[in-house]
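Working notes, structure below.
What follows is calculated from the coordinates using simple rules that are stated; it is not laboratory data. Only a predicted model underlies this, so the values are computations on that prediction, with no experimental measurement involved. Note that we place each Cβ from the backbone using ideal geometry, even for glycine, and neighbour counts take in every protein chain shown.
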Amino acid sequence: MPDTAFETSATSLEDRFATAFGNDVGVESPLAASGMGVRLSGIDLTKPLTPAQVELLLDTLSQCRLLSLAGQDLDRFSLATFERFANYWGAPVAHPSNFLRGGKPAQQDGATDGAIEFRPYADRKVAAADSTLPGQVACMPHESPAVLVATNLLGDGDRDKSRLKDGGSWHTDIEYEPLPIYVSMFLVHHVPVARDASNGHWVERPVVSGPEPYFPGSDDELMALRKDLPLDGETSYADTAAAFAALPPDEQARLETIQVRRRLNEGDEGFLAPLVRTDPRSGVKSLHSPVWASRPGVRPPIEVEGMSSEASREFLDRLEKHVLQPQFRYDHLHRPGDVTIWNNYMSLHTSPPIKTGIDRAEDARLLYRLSCKGEPALTLPRQDDPSWIAANIPGEYSSPSEIVEV
């Protein structure tokens, strides 16, 4: 567990949150054996936050890597409210699934400097969610390109259907841009409650047949760790701060000197980024996305500066095997109304195997994700410089004033 001065025991956090939010706040901490995770109850995010409250939330995430604010009232908590809250953490980023780059879906290998065109909600694949179980499950109304809908309510022609069925790959969110994503967060709408698979879970354990969605050639132990996914619709996290702290001091010092080259597309010169990052609020050091490629088949593999592609892969595979050990892993079970935030510099995550072609609400999984870059803001609206937005936010997206002005 990272050694820090910020006291994260449940008792200490209870006192801090009682002072900032009132005595009705409940604190559960840690959520994982590594020390990762805090779950808070009794905080109503439809209310504007004070600077002191925002500061406490930011400090807690900088130490605990994952923060879940439970039990938001979904009759009052809209996606506009969710996006307003995200603005405290950084500038919301339009998700690549929601825009075209140079006339092609941005998740594809298209023109690196192509013009950004936001797609209206009706033109996105996830709009099929509203017609899968009519009258039972539907997306919350929104048009924001920053909102990613994560769901198994898919149309028959969805290209990601087979990948989703078998689960995702371990990654961090959008680390292939010079300024990476700082935090991501889920708002949970529907979760699968059926447990009628033969193993007592929501889904059967997928049969491992080949390396997909990973590149072939990794050793069997690493592949087993990668593919050991949760079976009840959870999101799995790996605590890269605790994993770094567990390494011998001499190895920590060596890793802090390493730079990796990341690219949006094959053929790009790319850019160098540190493998080890230090959180500016807490001073906690962590491994940032120490994986061979976060999106195999979509983004080019990263390379360690000064190493060949083959040596880079061997080095990063060894590091990934360390990070994915059970003592650094946490499977987070979602609950409706939860807002769960994670620090992308301090964690990896992956999606579970998904039941598709569903015909009942008990099998529905519907979450909304927002991701943010840049510096937090203690008050809203944010005061980001337009030149910074132009340089770092695809399409120069910023939340509309009617969302962020309180």
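Sequence-distant or interchain residues sharing an amide H contact under 5 Å with H171, placed H: which?
H349
Given the peptides 264-271, 341-348, arrange them by the average over their residues of other C-beta atoms within 10 Å, most packed first.
With the highest mean Cβ count within 10 Å placed first, the list reads 341-348, 264-271.
Give the label of the value calculated from the structure for Cα Rg over 2.2 N^0.38 Å, choosing from (i) 1.06; (ii) 0.94; (iii) 0.99.
Correct label, based on the coordinates given: (ii).
Report the gain in length on full extension from N392 to E251: 0.36 nm times residue separation, minus Cα-Cα distance, nm rounded to one decimal.
47.5 nm
What's the ranking of 35-47, 58-70 by average number of surrounding C-beta atoms within 10 Å, highest first?
58-70, 35-47
Considering only the other residues whose Cβ falls under 12 Å of the Cβ of A86, what net charge follows from Lys and Arg at +1 and Asp and Glu at -1? Provide the component values of the computation, followed by the final result.
Numbers: positive: R84, R369, K373, R382; negative: E83.
Result for the neighbourhood of A86: +3.
Give me the number: length gained by fully extending D113 to R195, i.e. 0.36 nm times residue separation minus the C-alpha to C-alpha distance, one decimal in nm. Can you show the working numbers first?
Numbers: separation 82, 0.36 × 82 = 29.52 nm, distance 4.63 nm.
So the chain would gain 24.9 nm between D113 and R195.
Where nothing but the Cβ of Lys and Arg (+1) and of Asp and Glu (-1) is charged, how large is the charge dipole of segment 10-399 around its Cα centre, in debye to the nearest 20?
Working: 39 positive and 55 negative charges, 58 e Å.
Here the size comes out at about 280 debye.
Principal axes first, then extents: for the Cα atoms of segment 248-365, list largest minus smallest coordinate on each axis, whole Å, largest first.
53, 36, 25
Given the options A70, V38, N265, identify the residue whose Cα lies farthest towards the positive end of the charge dipole of the chain (+1 on Cβ of Lys, Arg; -1 on Cβ of Asp, Glu).
N265
Under a plain spin-label model, where a point goes 7 Å from the Cα along Cα-to-Cβ, how far apart in nm are D75 and L378?
3.6
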